[in-house]
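Structure first, commentary second.
None of the figures in this text is laboratory data; all of them are computed from the coordinates on show. As the structure is a computational prediction, the values presented were derived from the model and not from experiment. Because the Cβ atoms are built from the backbone with ideal geometry, glycine has one as well, and the counts that use them run over all protein chains shown.
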Amino acid sequence: MFQTIELQQGIHLHIRPTDQFKTVNFSFKFKQKLSNQAASERSVLANVLLHSNELFPSNPAFRSHLDELYGTIMYLDSSKKGSDHSITLLAESVNDQYLTTGGVLDQVINLMQTILFRPNLEQGTFKESIVKREKDSVIQRIESIYDDKTRFAQQRLVELMRPDHPASIGANGTIKDVSAITKESLFNAYKKMLEEDELDIYVVGDVDVEEMTAKLKEAFPFKARAKKQKNIHENIEHPTSQKNNVSEQQEMKQGKLHIGYNTPITFTHPDFPKMQITNGIFGGYPHAKLFLNVREKESMAYYVSSSFSSAYGLLFVLAGIDASKQEKAVRLIDEQLEAMKNGEISKNEIDQTVAMLKNQLKEALDSARGQIEIYDQYKDLDEKFSVDSWVEKWTSVTKDDIQEMAKSINKELVYFLSGKEELSHEGASL
Amino acid sequence: MKELHFKQLDEKMFHEKMDNGLEVYILPKKGFSKTFVTFTTKYGAIDRTFVPLGDSESVTVPDGIAHFLEHKMFEKEDGDVFQKFSGYGASANAFTSFTRTAYLFSSTDHLYENTETLLNFVQEPYFTQATVEKEKGIIGQEITMYDDQPDWRLYFGAIENMYKDHPVKIDIAGTIESIDKITAEHLYTCYETFYHPSNMLLFVVGAVNPEDMMKYIRENQSKKEFAEPQPIQREFPEEPLEVAKHENKLFMDVQKPKVYVGLKAKETSLQGEEMMKHELAIQLALELIFGRSSDFYVEAYEKGWIDESYAFDFTLEKGYGFALIGSDTSMPKELIDSIKKELKKVEEKWPFGQSDLDRVRKKKIGYFLRALNSVEFIANQFTRYAFNEMDLFDAVPVLEKMTVEDLQKAFKSIEGEEQQTVFSVLPKKEQTVS
């Protein structure tokens with residue numbers, strides 16, 4: 001799918017020439033070990049680098065320049081995957097051939113170089129006022145989770161299940177760690193990113209491989225760096241939850257039911273494809289047991305689904321229900337998993353799930369971002385990635401495999417977020 | 001079958017109007033393995049008062065019925081339609097907006113089987129009182145979910161402030177009380193009036209052979225019988241030009257206040273290319289005044305009046321239109337004052353010239369070209385434009401012809417204090433002090 005070129009030790013360029021898109025996509029993924037401090041610093045760093053730079057020392061000047069480049073999209077993003085933290089520089093630019101004026105692509109490469117290597121400095125470090133403003137921005141981003149009750153409840157569940165563990169460390173870090181950042185500590189984080197992070201560079205679009213490689217080599221003269229150990233996620237120690245039921249209250253109308261399960265199966269485990277099918281039948285799709293029995297048959301929920309967090313060996317069920325019906329909902333959800341443990345799995349359910357997984361993977365490959373993200377994830381497994389090889393794995397999964405997978409799923413914690421009872425009468429009057 | 005060629009964009013589209021009135025468009029995209037198909041009726045939440053097919057008197061149906069109908073289309077005598085789509089690996093969905101209801105799927109295999117499932121399930125209604133009653137629990141939870149979402153409440157709060165009588169002010173899903181009144185008979189009345197093929201559009205985009213697909217659709221449609229098409233008579237109340245309320249607020253369990261300044265549009269009667277030009281002109285003007293390169297944005301961001309949630313947008317349909325500008329903010333007063341001040345400044349003396357226009361025009365053209373990578377964007381936006389007699393593929397040429405005077409003239413539609421409203425969602429802990 002991609003042609004991979006090792007530019008330096010620890011730095012890989014992956015190019016996919018295709019005329020499928022009207023744009024060219026670039027993605028620089030800087031990866032480092034995930035911790036609260038790293039996530040906090042790197043989220044602020046991403047914002048500071050995007051605010052301005054040596055060539056465009058004010059944000060509006062930088063933004064105007066992007067407008068002139070036919071609204072080229074360029075941003076830095078802070079995210080996590082497994083036990084890594086990533087800073088990603090993304091750019092998407094219209095292909096020159098669709099425009100009356102050319103040369104946009106070269107300017108985009110120059111601009112990415114400027115963002116990474118020529119930040120807006122004052123006496124050798126970042127500017128105090130910009131750092132302060134962007135710290136505030138990241139703090140506001142962390143705080144805003146509170147206003148989205150589904151995200152908040154999910155965060156609480158994972159925090160309770162896996163405190164101080166990559167599973168519960170947020171991609172933006174913590175308010176405490178962000179507050180502690182100084183312009184000096186941020187500059188150190190910046191140097192560390194450029195010098196020590198593992199880097200994957202992706203290019204997708206109608207480009208010539210040799211020409212693009214030469215251009216990027218010249219524009220981004222990164223030095224070699226130590227290669228990281230491959231992450232074996234299942235080895236991370238964690239204490240088991242103290243409780244198996246936690247209920248919390250906020251002022252709200254709906255009840256948010258979030259259930260956490262553990263399983264020894266993770267992304268790198270040979271049984272990973274079996275667990276994907278198992279999750280699909282349990283609650284991954286509209287033909288799944290949860291959707292059919294909790295939503296359609298019992299009319300209890302608008303959304304009810306399961307998801308498999310393969311990096312951490314965790315599985316989650318989420319449902320929005322009437323606050324008075326927690327017990328019944330938990331019982332119905334338990335019954336669906338129990339049925340799977342007892343082997344109540346039809347051929348039709350398996351076929352539908354395989355068809356959906358296959359479709360999802362093929363569809364994701366229809367966008368440049370999808371191609372980059374899927375390749376970036378699957379290339380870590382020791383094999384050549386292809387759609388056919390994954391379809392093959394899914395197709396060979398049997399009913400017995402699924403039953404065995406279901407048996408490996410242990411319910412760990414039921415978290416329920418709902419309204420405050422004494423206030424529930426006045427909810428609608430405001 | 002007609003062939004339409006967009007040379008500069010390197011796209012070729014195929015069109016045919018079926019004998020029963022259904023408009024079909026097919027756009028093959030090279031390199032794609034998926035096909036995305038939407039089947040849309042020009043019927044949404046605002047169509048609550050109308051003359052039912054075959055009647056002469058108008059009726060008003062319960063709020064939220066278009067959305068309710070959308071849910072109920074998926075249930076048939078022999079089970080749930082999602083099961084069929086899953087069997088062929090298709091992801092199916094549907095949505096209801098103010099003016100449209102769309103049913104859609106995407107798949108990388110079994111395109112004809114999935115297309116048949118889509119056409120047949122939307123064209124074969126099955127409603128019983130028992131299935132209608134059962135759905136009330138599910139939609140009730142959907143409404144409750146939205147009730148807890150402060151951004152959704154903010155959006156509808158702002159619209160409610162602007163509109164006195166027009167049904168755009170009513171929540172798309174209705175309320176628990178309004179959906180309780182819905183019967184199977186209501187659903188049939190709405191279905192027969194608005195789901196006639198002559199009120200619908202089918203769009204196929206992605207990996208598709210246009211000749212074979214058109215033939216397949218033609219055969220599927222010719223096997224079905226429909227009543228004679230009849231122009232649909234919708235009724236809307238008289239709506240004043242100015243906003244209904246200048247200010248309102250809601251207290252919720254949020255961390256930080258959320259604010260929208262709404263600008264109610266005076267001009268809401270245009271259709272076709274005039275509408276496209278007008279709409280794009282207002283969007284460009286807003287980009288100049290409130291975009292990320294604007295003086296306003298710089299000041300508001302540096303002073304901390306806005307954060308990353310800051311957004312602005314312009315919506316226009318026949319009969320209603322509005323701009324919204326807002327953000328989460330710890331300084332709602334400063335933000336509101338500065339937005340109003342900025343508007344006043346522009347109204348008193350138009351500050352933008354040719355180079356400003358050129359810059360935002362380039363940005364917008366880039367936006368359209370990028371969006372043409374997305375089959376979802378193409379299908380949804382093409383349909384929305386077609387229902388307003390516009391052509392999505394005209395957007396770039398219309399942008400290229402736009403002048404500074406066009407922007408200035410179009411902007412008059414949302415000018416003046418009479419058009420302005422403010423809606424805020426405030427933290428509950430502040431309720432006692434305010």
#### Entry: segment A:198-219 residues near the modelled A:ASP106 label - backbone nitrogen below 13 Å, point 7 Å along Cα→Cβ
A:215
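So if I place +1 on the C-beta of Lys and Arg and -1 on the C-beta of Asp and Glu, and nothing else carries charge, what would the dipole magnitude of segment B:344-389 be about its Cα centre? I want it in debye, nearest 20. Working shown, then result.
Working: 10 positive and 6 negative charges, 48 e Å.
Value, rounded to 20: 240 debye.
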### Of B:THR189, A:GLN154, A:GLY284, farthest towards positive along the dipole that unit charges on Lys, Arg, Asp, Glu beta carbons give the protein assembly as shown
A:GLN154
### Message
What three numbers, in Å, describe the spread of the alpha carbons of segment B:247-430 along their principal axes, ordered from the longest?
### Response
50, 35, 31
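Relative contact order for segment B:127-271 using alpha-carbon pairs under 8 Å, separation at least 6, rounded to a whole percent?
On the way: 84 pairs, mean separation 59.7, N = 145.
Normalised by residue count, the contact order of segment B:127-271 is 41 percent.
When only C-alpha pairs under 8 Å and at least 6 residues apart count, what is the relative contact order of segment B:1-138, in percent?
Here the relative contact order equals 23 percent.
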### Query
What is the spread of the Cα atoms of the protein assembly as shown along each of their three principal axes, largest first, in whole Å?
79, 75, 65
### Query
Stretch B:HIS15-B:GLU192 to full length: gain in nm at 0.36 nm per residue minus the Cα-Cα span?
61.2 nm
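So, with +1 on the Cβ of K and R and -1 on the Cβ of D and E, and no other charges, what is the size of the charge dipole of chain B about its Cα centre, to the nearest 20 debye? Write down the numbers at each step before the final one.
Working: 52 positive and 74 negative charges, 226 e Å.
It comes to approximately 1080 debye.
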### Query
From a point 7 Å beyond the Cα of B:SER309 in the direction of its Cβ, which residues of segment A:124-142 have a backbone N at a distance under 11 Å?
A:140-142
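Excluding B:GLN419 itself, calculate the net charge of residues whose Cβ lies under 9 Å from the Cβ of B:GLN419, where each Lys or Arg counts +1 and each Asp or Glu counts -1. Intermediate results must be reported in sequence, preceding the final value.
Working: positive: B:LYS264, B:LYS266; negative: B:GLU242, B:GLU415, B:GLU417, B:GLU418.
Local charge sum for B:GLN419: -2.
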### Query
How high is the relative contact order of chain B, given as a whole-number percent (alpha carbon pairs under 8 Å, six or more residues apart)?
22
## Note on the structure
Taking the protein assembly as shown and counting helices only, DSSP H stretches of n ≥ 4 at -39,500 (n - 2.57) each over all residues, the nearest-500 ellipticity at 222 nm comes to -12500 deg cm²/dmol
### Message
For chain A, set up a GNM with springs between Cα atoms under 10 Å and report which of A:LYS135, A:LYS80, A:LYS127 has the largest fluctuation.
### Response
A:LYS127
## Note on the structure
Any aspartates and glutamates whose Cα falls less than 14 Å from that of B:LYS318, other than same-chain ones fewer than 8 residues away, would be B:ASP47, B:GLU235, B:GLU238, B:GLU239, B:GLU267, B:GLU273, B:GLU274, B:GLU279, B:GLU389
### Query
When the Cα atoms of chain A are enclosed in a convex hull and the volume is divided per residue, what value in Å³ results?
175
### Task
Report the semi-axes of the equivalent ellipsoid for segment B:280-378 in whole Å, largest first, where each axis is √(5λ) for an eigenvalue λ of the Cα gyration tensor.
24, 17, 15
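Enter the mean number of other protein chain beta carbons within 10 Å of the beta carbon of each residue in B:73-79, as an integer. List each step's numbers first, then the result.
On the way: counts 0, 2, 1, 0, 0, 0, 2.
Mean partner shielding for this stretch: 1.
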### Message
If I take all pairs of Cα atoms in chain B, what percentage of them are more than 29 Å from each other?
### Response
52
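How much length is gained on full extension from A:SER185 to A:GLU327, taking 0.36 nm per residue of separation minus their Cα-Cα distance? Numbers along the way, then the final one.
Numbers: separation 142, 0.36 × 142 = 51.12 nm, distance 4.91 nm.
Difference between extended and current length: 46.2 nm.
If you take all C-alpha pairs in segment A:305-366, what percent of them are over 15 Å apart?
Working: 1324 of 1891 pairs.
It works out to 70 percent of all Cα pairs.
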### Query
What is the gain in length, in nm to one decimal, between B:GLN354 and B:GLN408 on full extension, counting 0.36 nm per residue of separation less the C-alpha to C-alpha distance?
18.2 nm
### Message
Report the Cα centroid-to-centroid distance between segment B:360-392 and segment A:272-289 in angstrom, as an integer.
### Response
35
### Task
Pairs to check: B:LYS17/B:LYS277; B:LYS29/B:LYS277; A:LYS325/B:LYS181; B:LYS12/B:LYS215. Give those whose C-alpha atoms are more than 21 Å from each other in this structure.
B:LYS17/B:LYS277; B:LYS29/B:LYS277; A:LYS325/B:LYS181
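Run the dipole for the protein assembly as shown about the Cα centre, Lys and Arg Cβ at +1, Asp and Glu Cβ at -1, nothing else charged, and hand back the magnitude in debye, nearest 20. If you can, show how the numbers build up before the last one.
Working: 104 positive and 137 negative charges, 393 e Å.
For this selection, approximately 1880 debye.
Restricting things to alpha carbons, find the Rg to Rh ratio for segment A:3-219 using the Kirkwood radius for Rh. Could the numbers behind the result be given before it?
Details: Rg = 18.3 Å, Rh = 18.5 Å.
In segment A:3-219, Rg relative to Rh is 0.99.
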### Query
With point charges of +1 on the Cβ of Lys and Arg and -1 on the Cβ of Asp and Glu, referenced to the Cα centre of segment A:44-126, which listed residue (A:MET74, A:PRO57, A:HIS85) lies farthest in the positive direction of the dipole?
A:HIS85
### Query
Most fluctuating residue of A:GLN123, A:GLN37, A:GLN250 in a GNM of chain A with Cα springs under 10 Å: which is it?
A:GLN123
### Task
Filter the cross-link list A:LYS29/A:LYS407; A:LYS289/B:LYS224; A:LYS328/B:LYS72 down to pairs whose alpha-carbon distance in this structure exceeds 30 Å.
A:LYS29/A:LYS407; A:LYS289/B:LYS224
### Summary
Taking the alpha-carbon centre of each part, the distance from segment A:354-417 to segment B:137-200 in Å is 37
### Given charges at Cβ of Lys, Arg, Asp, Glu: segment B:226-296 dipole, positive-most of B:HIS278, B:VAL261, B:PHE226
B:VAL261
#### Entry: Cα-only Debye scattering, segment B:2-222: base-10 log of I(q)/I(0) at q = 0.10, 0.14, 0.17 Å⁻¹
-0.51, -0.95, -1.24
### Summary
Rounded to 0.05, the calculated FRET efficiency for the beta carbons of B:THR183 and A:LYS33 at R₀ = 60 Å is 0.50
### Message
Give the lysines whose C-alpha is closer than 16 Å to that of B:LYS344, dropping any in the same chain fewer than 8 places away, or say none.
### Response
B:LYS264, B:LYS409, B:LYS412
### Message
Over the Cα atoms of segment B:376-434, what radius of gyration and what Dmax do you get, in Å?
### Response
19.6, 55
### Task
Would you look at the GNM of chain B, springs on alpha carbons closer than 10 Å, and say which of B:PRO210, B:PRO231, B:PRO197 moves the most?
B:PRO231
### Task
Using only Cα atoms, locate the centre of segment B:208-254 and the centre of segment A:39-59, then give the distance between them in Å, rounded to an integer.
44
#### Entry: Net charge, B:GLU235 excluded, C-beta distance under 12 Å - Lys, Arg +1, Asp, Glu -1
-2
